1. From the set of residues in region 44-88 that are part of a helix (DSSP H, G or I) and of a type in the set (Lys, Arg), which is modelled with the lowest pLDDT?
2. Of Glu35, Glu29, which residue is in a loop (DSSP other than H, G, I, E, B), surrounded by 13 or more Cβ atoms within 10 Å (Cβ to Cβ), of a type in the set (Asp, Glu) and out of contact with any Asp or Glu (no Cβ under 6 Å at 6 or more places or on another chain)?
3. Could you please give the count of residues in region 46-75 that are touching a residue at least 24 places away in the same chain (Cβ under 8 Å) and surrounded by 14 or more Cβ atoms within 10 Å (Cβ to Cβ)?
4. Met41 - would you say it is in contact with a Ser or Thr (Cβ under 9 Å, 6 or more places away or on another chain), at pLDDT below 95 and either assigned to a loop (DSSP other than H, G, I, E, B) or more than 19 Å from Ile79 (Cα to Cα) (or both)?
5. What do you reckon, is Glu17 of a type in the set (Asp, Glu) and closer than 17 Å to Leu85 by Cα?
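The values are calculated or read from the model by the stated rules, or taken from the named source; none is laboratory data. Since this is a predicted model, take the numbers as computed values, not measurements. As a convention, Cβ positions derive from the backbone with ideal geometry for all residues, glycine included, and neighbour counts pool all protein chains shown.
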Amino acid sequence: METKTEIKDKIRQYIIEETFSSPELVKDESKIFEEGLFDSMGFILLINFIEENFSIKAKDSELLESNFESVNAIAEYVIKKKSLLSQV
């Protein structure tokens, strides 16, 4: 299983590549929607990226800003989903 750091690095790299942002602007705690890095279409693409790269499936009830507002929040969400899958 990937470490939290590896997960965060993948997410951060995806955000940088998709938004053409400077790496210095995408911090672990950066609010990616509040800061205008992603809009609603970007959110859909982000969910697709997460599902494909981390082999998880987001439920509609989990599509909350609190789960996806920053690199830290997304990494926590991925770790939680992966741990639930390993318990099944």
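1. Keep residues of region 44-88 that are part of a helix (DSSP H, G or I), which gives 44-54, 60-62, 65-68, 71-87.
From what's left, of a type in the set (Lys, Arg): 80-82.
Details: Lys80: 95, Lys81: 95, Lys82: 92.
So the residue we want is Lys82.
2. On the way: Glu29 fails: surrounded by 13 or more Cβ atoms within 10 Å (Cβ to Cβ).
Every option except Glu35 fails the conditions.
3. So the answer is 13.
4. On the way: in contact with a Ser or Thr (Cβ under 9 Å, 6 or more places away or on another chain): no; at pLDDT below 95: yes; either assigned to a loop (DSSP other than H, G, I, E, B) or more than 19 Å from Ile79 (Cα to Cα) (or both): yes.
Here the answer is no, as Met41 does not meet what is asked.
5. Numbers: of a type in the set (Asp, Glu): yes; closer than 17 Å to Leu85 by Cα: no.
Taking the combined requirement at face value, the residue does not satisfy it.
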